[in-house]
Amino acid sequence: HPLTHLGTFVVGICAGKIFLDHRPFLARLAYPLMAISAALLLVALLVPNPIVDYHHNGLFAPLFVSFIWGLGARDDTIVARVFARARLVLLGEASYCIYIIQVPVHIVLGAVVQRFYGLSTTAFFFLFTAVLVLVSIACFRWFETPARVRIKGAFSARRPARAPETEPAETPVLHDSL
């Protein structure tokens, strides 16, 4: 249920705000943030303990947040350079579409494959992943991007034009002549 994820949603919003407000400070801490959070996450996952049973409820959100802060605050890390590649940026931009359309694509593709081809579960998974990514990129390019441009244009057209800022007129200095 969405309410059970409200805490991680709020953590994400707060983390984003902190990142935007304090990016230069976080950039100085980027490497320690990534190293410490990755180490703690590995310890939590590899060392048997009952806490791991509750990781789905946002328990590890602070570790993910600190890692993402470190990753996002600096553009000169190896990981940042890899993720800055055009194809990976496109996948990142299309990721919301992947999230939104995965169920309809699964239903339609499953019906088609079941009726005509009868693939194994593994083969269907790879086919589904490829089709989902391709359809998501198409939706991003030909639906989401044009819609965003139109929406932004509609809102910017509605904003009243700001009067240009003018400098205040100089007040004449009156000299007292005696």
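The values are calculated or read from the model by the stated rules, or taken from the named source; none is laboratory data. Please read all numbers here as calculations on a predicted model, not as lab measurements. Reconstructed Cβ throughout: ideal geometry from the backbone, glycine too, with neighbour counts over all protein chains shown. Heads up: the accessible areas ignore ligands, DNA and RNA and are worked out on the full protein's heavy atoms, side chains in. Shrake-Rupley method; radii C 1.70, N 1.55, O 1.52, S 1.80 Å.
Some observations on this one:
- Filter pass, residue 23 being within 30 Å of residue 127 (Cβ to Cβ) and not hydrophobic (A, V, I, L, M, F, W, C): no
- Test: residue in the stretch 34-54 that is under 25 Å from residue 18 (Cβ atoms), in contact (Cβ under 8 Å) with a residue 40 or more places away in the chain and open to solvent by 60 Å² or more (accessible area, probe 1.4 Å): no
- One residue alone among 67, 83 is touching a helix residue (DSSP H, G or I) at 6+ places or on another chain (Cβ under 7 Å) and not charged (D, E, K, R), and that residue is 67.
- Tabulated pairs, the stretch 8-29, first among the hydroxyl-bearing types (Ser, Thr, Tyr), second surrounded by 15 or more Cβ atoms within 10 Å (Cβ to Cβ), C-beta under 7 angstrom, 6+ apart or interchain: 8/58; 8/61
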